[in-house]
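Here the structure is laid out as structure tokens; the discussion comes afterwards.
The values are calculated or read from the model by the stated rules, or taken from the named source; none is laboratory data. Owing to the predicted nature of the structure, the values given are computational and were not obtained by experimental measurement. Neighbour counts run over all protein chains shown; Cβ positions are idealised from the backbone, glycine included. Note: areas computed on protein heavy atoms with side chains; ligands, DNA, RNA excluded. Shrake-Rupley method; radii C 1.70, N 1.55, O 1.52, S 1.80 Å.
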Amino acid sequence: EEQFQIYKKVLSGLAPRPVVIRTLDAGSDKELPYLNMPKEENPFLGLRAIRLCLQEKEKIFRPHLRALLRASVYGKLRIMFPMIASLQELREAKAELEKAKAELLAEGIPVSEDLQVGIMVEVPSAAVCADQLAAECDFFSIGTNDLVQYTMACDRGNAAISYLSDFFYPGVLRLIARTIEEGHKKGIWVGMCGEMAGDPACVPLLLGMGLDEFSMSAQSIPAVKNLIRQLSMDACRELAERAIHA
């Protein structure tokens with residue numbers, strides 16, 4: 001009920017603009033003490049985000065999805081599943097969403113029909129299989145912080161190897177470009193959240209790759225908007241092509 005009231009307030013306050021809400025993304029560096037999660041040797045590779053939700057369907061995930069769906073009639077909701085690594089996970093998460101929707105409708109509680117479902121692309125396997133995933137969701141949001149970490153096998157909190165936490169490595173750029181390309185082939189929009197989307201040095205490159213939406217902290221918006229107005233799309237595409245094949 002508390003979740004529902006918060007989602008309702010956000011959706012109604014921003015209507016008719018779309019609102020993307022990421023489902024519970026706990027674990028690793030996002031600890032929630034009340035979940036009493038076990039200590040793990042490698043928490044960034046462990047039970048987190050969608051993995052935790054799919055393991056705790058009745059206790060955590062179903063009430064969470066019900067709250068989102070109940071609130072969906074008060075605005076334009078977009079639901080985003082984090083840490084998706086395989087098509088199986090996406091299908092399992094969508095099945096839970098459909099179950100929650102069926103429950104609510106059977107109880108006489110309305111659910112919006114204008115509902116998009118997307119995923120975070122932050123695991124390299126999701127980028128590699130972007131063609132399959134794009135066929136079964138409505139949008140992608142590329143999570144660059146984790147994508148860089150997993151692609152470069154680099155703990156982003158370890159100062160000794162911080163030089164590897166670089167958006168501009170060709171291996172990272174090619175995964176981003178592939179995700180955007182495969183998303184567009186299937187007719188879905190592709191956004192990005194994470195530090196890269198708000199970095200002025202990255203904006204021309206991402207525009208050249210065809211990124212549709214940039215998600216960033218509010219303080220970064222004016223500078224990025226001003227930069228975009230001054231850029232040539234042809235020059236951005238040429239830059240992206242050179243960077244990807246460096």
Exercise. Mind listing the long-range amide H neighbours of Ile142? Cut-off is under 5 Å, sequence gap 5 or more, other chains count too, H placed in the peptide plane at 1.01 Å from N.
Key: Val121, Gly191, Met192, Cys193
Practice problem: Calculate the length of the line joining the C-alpha centroid of segment 125-186 to that of segment 197-237, in whole Å. | Solution: 18
Quiz item: Relative to the longest principal Cα axis of the chain, at what angle does helix 62-71 sit, 0 to 90 degrees, rounded to 10?
Solution: 80
Quiz prompt | segment 29-91: Cα Rg divided by the 2.2 N^0.38 Å rule of thumb | solution = 1.27
Quiz prompt | Length-normalised contact order of segment 24-86 in % [C-alpha pairs under 8 Å, at least 6 apart] | solution = 37
Quiz item: Roughly to the nearest percent, how much of the accessible area of segment 70-181 is carbon and sulfur, given a 1.4 Å probe?
Solution: 52
Quiz item: When each pair of different Cα atoms in segment 37-139 is counted once in the 1/r mean, what is the Kirkwood radius in angstroms, to one decimal?
Solution: 14.5
Practice problem: Write down Rg/Rh for segment 147-203, rounded to two decimals, with Rg from the C-alpha atoms and Rh from the Kirkwood relation over Cα pairs. | Solution: 1.02
Practice problem: On the full set of protein chains, 1.4 Å probe, figure out the accessible area of Leu231 and give it in Å² to the nearest 10. | Solution: 60
Practice problem: Grab the eigenvalues of the alpha-carbon gyration tensor for segment 96-217, scale each by 5, take roots, and send me the semi-axes largest first in whole angstrom. | Solution: 31, 16, 13
Quiz item: Relative contact order for segment 103-181 using alpha-carbon pairs under 8 Å, separation at least 6, rounded to a whole percent?
Solution: 29
Quiz item: Hey, what's the chain come to in accessible area per residue, 1.4 Å probe, Å²?
Solution: 50
Quiz item: For segment 88-246, what relative contact order do you get, as a whole percent, if you take Cα pairs closer than 8 Å and at least 6 residues apart?
Solution: 19
Practice problem: Could you give the spread of the C-alpha atoms of segment 97-154 along their three principal axes, from largest to smallest, in whole angstroms? | Solution: 49, 21, 16
Quiz item: Expressed in nm², what is the orientationally averaged projection area of the convex hull enclosing the Cα positions of segment 193-245?
Solution: 3.4
Practice problem: Rounding to the nearest 20 debye, state how big the charge dipole of the chain is about its Cα centre with +1 on each Lys and Arg Cβ and -1 on each Asp and Glu Cβ. | Solution: 480
Quiz item: What size of dipole, in debye to the nearest 20, comes out for segment 160-246 about its Cα centre when the only charges are +1 on Lys and Arg C-beta atoms and -1 on Asp and Glu C-beta atoms?
Solution: 120
Quiz item: At 222 nm, what helix-only mean residue ellipticity would the chain give, in deg cm²/dmol to the nearest 500, using -39500 (n - 2.57) for each DSSP H run of four or more?
Solution: -13500 deg cm²/dmol
Quiz item: So which of Lys57/Lys94; Lys39/Lys101; Lys99/Lys185; Lys9/Lys186; Lys57/Lys185; Lys76/Lys99 end up more than 24 Å apart, counting from Cα to Cα?
Solution: Lys39/Lys101; Lys99/Lys185; Lys9/Lys186; Lys57/Lys185
Self-check item: Quarter of the Cα convex hull surface for the chain, i.e. its orientation-mean projected area (nm²)
Solution: 14.3
